[in-house]
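Since the structure comes first, as structure tokens, the remarks are kept for the end.
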Amino acid sequence: MSSGDGTYPTFAGLLKREGALAGTSWGLFPDATRGTPSFINSRTVLEARSCIRTGTTFGLDYPADAFNPGMSLKRGAPRHTIYSSHPAHRDDFLDGYYLQGSSQIDGLRHRRADDVGFYNGTPDDLVREGTPDLGVQEWADNPIVGRGVLVDLAGYRAGQGDPIDHATGEPLGLELIQAALDAQSVTLRQGDILMLHTGWWEWFLALAPEDKQRMRENRQATGVAQSEDFVAWAWDHKLALLAADNFAFECLPALASSPYRDSAPNDHGMMHQQLLAKLGMPLGELWRLGPLARHMRGISQWDAFVTIKPLNITGGTGSPANATALL
């Protein structure tokens, strides 16, 4: 358990927990359903106010129908209908609205760990429509708000004369993330919202339709390389949330060397189960980080006050992130 002064075990300490608790944060946070956003407290929120220097704002969501087609083989773009009951009235609705079809936050019921189950041991039969357990409404009622740190991986690699190779779905290792942070002279703090700018979605959106289709069929996408070192690094820095501007946050397909090949066979070795179901660490995907990254690069400021408020959908497995950055 966490100590009274709010400290938590290191990741190495988590691995020493017994039985199904090994490698998990289950039972460590005061609010059992909130996960790592619990690293944010009133002190970290108040400190994040210092990131607001000019009053500049950036919305970090793409339009709901931006990815049509996108990388997902199932999530299509919603159909928007506007109707009128009389000449002075307009109303509208969406059909086929996949809550994770565009800029999103993955909730804690989005992934079940193959070996130990849903986060905090939540029974499988409680993860269904109409039940609140682990739903995104937790973060809608109490939004995730704090210091966001953007790591400009695309800008760093371009500056090194070695742009990220999106055409092959390049895996991005922890050493690259740390090198970019060092180049930006940024120090991470407890409760930070980490945002990785890879440039992948802007690259994908500019592709010809036939090239998009080929990428979808090949299931190749740039993202973070699967490793226990990365998972340990994210936990030990007490990050509240991990976000990126790519399809799955992680690279696709998962590396053959992924340490999670055996524990996460249904995910083919991806880290989603480790991060969501075991650590309770939400993932942001498809975020619109390009304009923010270019602005930050121009002013050499890499942190911002960030707010994330999912749709208030009881039991949602994920939601549009509704993320905003204030500088």
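A few points about this structure:
- Among (1) without any contact (Cβ under 8 Å) to a residue 12 or more places away in the chain; (2) not in a loop (DSSP other than H, G, I, E, B) - the single one residue 89 does not satisfy: (2)
- Residue in region 31-41 that is over 24 Å from residue 304 (Cβ atoms), hydroxyl-bearing (Ser, Thr, Tyr) and either open to solvent by less than 30 Å² (accessible area, probe 1.4 Å) or in a strand (DSSP E or B) (or both) present: no
- Just one residue in the set 279, 255, 194 is at pLDDT 95 or above and buried (at least 24 other Cβ atoms within 10 Å of the Cβ); that residue is 279.
- Pairing residues of region 189-208 that are over 14 Å from residue 288 (Cβ atoms) with residues that are in a helix (DSSP H, G or I) and open to solvent by 10 Å² or more (accessible area, probe 1.4 Å), at Cβ distances under 6 Å and at least 6 apart in sequence or on separate chains, gives 191/44.
- Residue 81 vs. criteria at pLDDT 90 or above, touching a strand residue (DSSP E or B) at 6+ places or on another chain (Cβ under 6 Å) and either under 24 Å from residue 320 (Cα atoms) or polar (S, T, N, Q) (or both): yes
- The sole residue among 211, 245, 267 that is more than 21 Å from residue 149 (Cβ to Cβ), open to solvent by less than 60 Å² (accessible area, probe 1.4 Å), under 18 Å from the mean Cα position of the chain (by Cα) and not hydrophobic (A, V, I, L, M, F, W, C) is 267.
- Of all residues in region 163-188, those that are over 19 Å from residue 232 (Cα atoms) have Cβ atoms under 6 Å from Cβ atoms of residues that are charged (D, E, K, R) and part of a loop (DSSP other than H, G, I, E, B), 6 or more apart or on another chain, in 164/170.
- Of all residues making up region 1-21, the number that are modelled with pLDDT of 95 or more, among the small types (Gly, Ala, Ser) and open to solvent by less than 40 Å² (accessible area, probe 1.4 Å): 1
- Residue within region 151-161 that is surrounded by 14 or more Cβ atoms within 10 Å (Cβ to Cβ), closer than 20 Å to residue 318 by Cβ, at pLDDT 95 or above and within 17 Å of the chain's Cα centre (by Cα) present: no
- Of the strands (runs of 3 or more DSSP E) that lie entirely inside region 221-327, those containing 2 or more residues that are under 28 Å from residue 183 (Cα atoms) span 241-244, 283-285, 303-308, 323-326.
Yes/no matrix, rows are residues, columns are (1) among the small types (Gly, Ala, Ser); (2) open to solvent by 50 Å² or more (accessible area, probe 1.4 Å); (3) in a loop (DSSP other than H, G, I, E, B); (4) touching a Leu at 6+ places or on another chain (Cβ under 6 Å):
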| position | (1), (2), (3), (4) |
| --- | --- |
| 47 | no, yes, no, no |
| 58 | no, no, no, yes |
| 61 | no, no, yes, no |
| 66 | yes, no, yes, no |
| 73 | no, yes, yes, no |
| 93 | no, yes, no, no |
| 115 | no, yes, yes, no |
| 140 | yes, no, no, no |
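- Answer residue from region 249-275, given it is in contact (Cβ under 8 Å) with a residue 40 or more places away in the chain and of a type in the set (Gly, Ala, Ser) and is farthest from residue 216 (Cα to Cα) among those: 263
- Within region 11-34, residues that are farther than 19 Å from residue 133 by Cβ sit with their Cβ atoms under 7 Å from residues that are part of a helix (DSSP H, G or I) and open to solvent by 30 Å² or more (accessible area, probe 1.4 Å), at 6+ positions apart or across chains, in these pairs: 11/236; 22/15; 23/15.
- When region 162-191 is limited to residues that are open to solvent by less than 10 Å² (accessible area, probe 1.4 Å) and in a loop (DSSP other than H, G, I, E, B), the one that is farthest from residue 253 (Cα to Cα) turns out to be 191.
The values are calculated or read from the model by the stated rules, or taken from the named source; none is laboratory data. These figures come from a predicted structure and were not determined experimentally. When we count neighbours, we look across all protein chains shown, and the Cβ atoms used for this are built from the backbone with ideal geometry, even at glycine. SASA here: full protein model, heavy atoms, side chains in, ligands and nucleic acids out. Shrake-Rupley method; radii C 1.70, N 1.55, O 1.52, S 1.80 Å.
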